[in-house]
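The values are calculated or read from the model by the stated rules, or taken from the named source; none is laboratory data. These figures come from a predicted structure and were not determined experimentally. Virtual Cβ from ideal backbone geometry, glycine too; neighbours counted across all protein chains shown.
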Amino acid sequence: MNIGVLKETKTLEKRVAIIPSTVKDLTKKGYTFCVEKDAGNLSHYSNQSFIDAGAKLVEKNDVFNCDIVIKVNTPTEDEIRSLNSNSLLISLFQTIKDIDLVKTLKEKQVSAFSLNLLPRTTLAQKMDVLSSQASIAGYKAVLIGANHIGKYMPLLMTPAGTISPARTLIIGAGVAGLQAIATSKRLGSKVEAFDVRPEVKEQVESLGAKFVEVENDGGDGVGSGGYAKETSEEYKKRQQEVMKERIAKSDLVITTALVPNRPAPTLIPTSMVDLMQPGSVIMDLAAENGGNCELTTTDEVVHHNGILIDGNSNFPSTMATHASQLFSKNIQAIIEHCHTENGFELNKEDEIIDGMLFIEKGEVRHEPTKEAL
């Protein structure tokens, strides 16, 4: 089985889907690799390091001749049209958001894994790209946010007087949120966190943050597979009242609320931003799908009445070396999961493979994607 690795073309993307150590490990299992020239340069994996690991460096067009084609981001329409029929594409494909590209996959009779659709089970943890990249996003958002606010994060007692600790509010206590909490606490900030799922309270408090509770009639916002889901209008009203008070007092707000394959819920309207103190900062980790703040602009920094809203949609790319390492190990785990005595097989009886395989040889299998079509 020949595996092709494409160089990322998205603006500001520095990651690569496969790194040399994965090439070396999977080559021992009989796989061969064609890596597009310079694919790893921006994440500091040189062409020579891929060659030394056993990969063949090729031009972009040669990658499309491979049985499996892997990249980080959703491919472009031209890339999909260049794929061979019956090949398997693996990427962070948002099937509903990029529904027109799904139509192109159908035309090309291609099969595809969406890493966004990986089931959240214990067995699948080592394959979970969303979690590995979200952890990086939560960590880096705090560091960049701390740089934006122009204040000390910790409490300091100096000859010139006492410096109060910065107040940080984390909205969403998933993987990104928990990493943001831990990083904020390490920097000495006073941290509060909010999530629609009451069961995460213990995790939040174990990291030293205060859990902000909103009265919940039970089950509202609790989705399947560890995800949050859209909440009721009544719950949103209660949430807004609590958030209004907390956000007004915060120096740094980090939002992480993102429902897979849907526009991000708007949690911070402009009226709420106007209550914040000048110099405060919002780091919106849901910017890729529109943002949790009404004023967020994807991949731009917005200044509103002295408040800074950072809409960077790809924080993992700012730590491209480790982000690529983790992404690559996730992909390696997926390939090994599909590996049998007879080589690479798509066993649709397996819940992990069945979950990710949203299209097979041009036939859409994922029900929400079918409905969107």
Completion exercise
Checked region 228-254 for anything touching a residue at least 12 places away in the same chain (Cβ under 8 Å), part of a helix (DSSP H, G or I) and within 25 Å of the chain's Cα centre (by Cα); matches are Gln239, Met243, Ile247
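Looking at region 6-17, which of the residues that are of a type in the set (A, V, I, L, M, F, W, C) and within 17 Å of the chain's Cα centre (by Cα) is surrounded by the most Cβ atoms within 10 Å (Cβ to Cβ)?
Checked region 6-17; the qualifying residue surrounded by the most Cβ atoms within 10 Å (Cβ to Cβ) is Val16.
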Problem - So Gly150, is it in contact (Cβ under 8 Å) with a residue 40 or more places away in the chain, buried (at least 21 other Cβ atoms within 10 Å of the Cβ), within 30 Å of Glu205 (Cα to Cα) and not aliphatic (A, V, I, L, M) - result: no
Exercise for the section: Could you tell me which residue of region 255-272 is surrounded by the fewest Cβ atoms within 10 Å (Cβ to Cβ), considering only residues that are under 16 Å from the mean Cα position of the chain (by Cα) and among the small types (Gly, Ala, Ser)? Expected result: Ala264
Practice task
Enumerate the helices (runs of 4 or more DSSP H) found wholly within region 87-195, keeping only those where 3 or more residues are closer than 19 Å to Gly208 by Cβ.
Solution key: 129-149, 175-186
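Give me the strands (runs of 3 or more DSSP E) completely within region 255-373, filtered to those with at least 3 residues that are assigned by TED's automatic domain parsing to the domain that holds Ala137 and in contact with a helix residue (DSSP H, G or I) (Cβ under 9 Å, 6 or more places away or on another chain), ordered by residue number. Don't jump to the end; show me each part of the working.
Values: elements: 281-284, 301-304, 307-310, 357-360.
Filter on region 255-373 gives 281-284, 307-310.
Tell me whether region 279-293 contains one or more residues that are in contact with a Cys (Cβ under 8 Å, 6 or more places away or on another chain) and either of a type outside the set (Asp, Glu) or touching a residue at least 60 places away in the same chain (Cβ under 8 Å) (or both). Explain how you work it out, then say what you get.
Here is the first cut: in region 279-293, the ones in contact with a Cys (Cβ under 8 Å, 6 or more places away or on another chain) are 282, 284.
Pick out the ones that are also either of a type outside the set (Asp, Glu) or touching a residue at least 60 places away in the same chain (Cβ under 8 Å) (or both) and you get 282.
Among the residues of region 279-293, at least one is in contact with a Cys (Cβ under 8 Å, 6 or more places away or on another chain) and either of a type outside the set (Asp, Glu) or touching a residue at least 60 places away in the same chain (Cβ under 8 Å) (or both), which makes the answer yes.
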Practice task
Output the qualifying pairs, or none if there are none: Cβ atoms under 8 angstrom, residues six or more apart or on different chains, first residue in region 342-367 and farther than 21 Å from Ser85 by Cβ, second residue acidic (Asp, Glu) and surrounded by fewer than 15 Cβ atoms within 10 Å (Cβ to Cβ).
Solution key: none
Handout entry: Close pairs (8 angstrom Cβ cut-off, 6 or more residues apart or separate chains): touching a residue at least 12 places away in the same chain (Cβ under 8 Å) in region 86-109, among the basic types (Lys, Arg) and surrounded by fewer than 18 Cβ atoms within 10 Å (Cβ to Cβ) anywhere
Key = Asn86/Lys361; Ile96/Arg262; Thr104/Arg81; Lys108/Arg81; Gln109/Lys361
Exercise for the section: May I ask you to list the residues in region 316-354 that are touching a strand residue (DSSP E or B) at 6+ places or on another chain (Cβ under 9 Å) and surrounded by fewer than 16 Cβ atoms within 10 Å (Cβ to Cβ)? Expected result: Glu345, Leu346, Asn347, Lys348
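Here is a yes/no grid of residues against (1) closer than 30 Å to Glu13 by Cα; (2) in contact (Cβ under 8 Å) with a residue 40 or more places away in the chain; (3) in contact with a strand residue (DSSP E or B) (Cβ under 9 Å, 6 or more places away or on another chain); (4) surrounded by fewer than 16 Cβ atoms within 10 Å (Cβ to Cβ):
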site: Arg120; (1), (2), (3), (4): yes, yes, no, yes
site: Ala137; (1), (2), (3), (4): yes, yes, no, no
site: Lys140; (1), (2), (3), (4): yes, yes, no, no
site: Arg167; (1), (2), (3), (4): no, yes, yes, no
site: Ile171; (1), (2), (3), (4): yes, yes, yes, no
site: Thr183; (1), (2), (3), (4): yes, yes, no, no
site: Asp195; (1), (2), (3), (4): yes, no, yes, no
Handout entry: Search result, residues across region 60-78 that are among the hydrophobic types (A, V, I, L, M, F, W, C) and either surrounded by fewer than 21 Cβ atoms within 10 Å (Cβ to Cβ) or outside the structural domain of Lys28 (by TED's automatic domain parsing) (or both)
Key = Phe64
Problem - Filter result (surrounded by fewer than 16 Cβ atoms within 10 Å (Cβ to Cβ) and in a strand (DSSP E or B)) within region 19-59 - result: Lys56
Exercise for the section: Within region 110-131, work out how many residues are within 24 Å of Cys66 (Cβ to Cβ) and of a type in the set (Gly, Ala, Ser). Expected result: 3
